[in-house]
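Asks: Have a look at this one before I ask anything.
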Amino acid sequence: MIVSKILLSSGFSGLIGYVLSSTKEIKPEHVATRHLFQLSRAAREMDLVAARNTRVINPVAHIIVTWSKDENVDIAR
């Protein structure tokens, strides 16, 4: 497994929309959250928390992981 790219951003809505789009085939049980009240409002909640710290510039990190075709990858891994 290789971390192929790390993307930084200032807002959460684009990332959440991308990750949870129907083309990604990610199911709700594949999403882990902590300290959020509602997954449906997660982007707004995270934006509000990040805005409270004036030193935060890019609070969003999207880590893209790749692996070879013969590598066995499952949700637990």
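The values are calculated or read from the model by the stated rules, or taken from the named source; none is laboratory data. Everything quoted here is computed from the prediction, not taken from an experiment. No Cβ is skipped: glycine too gets one built from the backbone with ideal geometry, and neighbour counts run over all protein chains shown. Protein only, heavy atoms only, side chains kept; ligands, DNA and RNA dropped before computing areas. Shrake-Rupley method; radii C 1.70, N 1.55, O 1.52, S 1.80 Å.
Asks: Count, please, the residues in region 23-50 that happen to be among the hydroxyl-bearing types (Ser, Thr, Tyr) and within 19 Å of Ile64 (Cβ to Cβ).
Replies: 1
Asks: Would you point out the residue of region 40-76, among those that are in contact with a helix residue (DSSP H, G or I) (Cβ under 7 Å, 6 or more places away or on another chain) and open to solvent by less than 100 Å² (accessible area, probe 1.4 Å), that is farthest from Val19 (Cα to Cα)? Give the derivation first.
Replies: So the first thing to find is which residues in region 40-76 are in contact with a helix residue (DSSP H, G or I) (Cβ under 7 Å, 6 or more places away or on another chain), and the list is 42-43, 56, 59-60, 62, 75.
Remaining after also requiring open to solvent by less than 100 Å² (accessible area, probe 1.4 Å): 42-43, 56, 59-60, 62.
Numbers: Ala42: 13, Ala43: 12, Val56: 23, Pro59: 17, Val60: 13, His62: 10 Å.
Here the residue is Val56.
Asks: Considering only residues of region 40-77 that are among the charged types (D, E, K, R) and in a helix (DSSP H, G or I), which is farthest from Gly11 (Cα to Cα)? Don't jump to the end; show me each part of the working.
Replies: From region 40-77, those among the charged types (D, E, K, R) are 41, 44-45, 47, 52, 55, 69-71, 74, 77; that's our starting set.
Filter once more, keeping what is in a helix (DSSP H, G or I): 41, 44-45, 47.
Working: Arg41: 13, Arg44: 9, Glu45: 11, Asp47: 6 Å.
Looking at residues that are among the charged types (D, E, K, R) and in a helix (DSSP H, G or I), I get Arg41.
Asks: Considering only residues that are open to solvent by less than 80 Å² (accessible area, probe 1.4 Å) and either assigned to a loop (DSSP other than H, G, I, E, B) or β-branched (Val, Ile, Thr) (or both), which ones fall in region 11-39?
Replies: Within region 11-39, Gly11, Phe12, Ile16, Val19, Leu20, Ser21, Ile26, Val31, Thr33, Leu36 qualify.
Asks: Here is a further query. Pull out all pairs, ordered by first then second residue, where Cβ-Cβ is under 9 Å, the residues are six or more apart or on different chains, the first lies in region 17-35 and is touching a residue at least 12 places away in the same chain (Cβ under 8 Å), and the second is open to solvent by 100 Å² or more (accessible area, probe 1.4 Å) and among the aliphatic types (A, V, I, L, M).
Replies: Final answer for the pair search is His30/Ile75.
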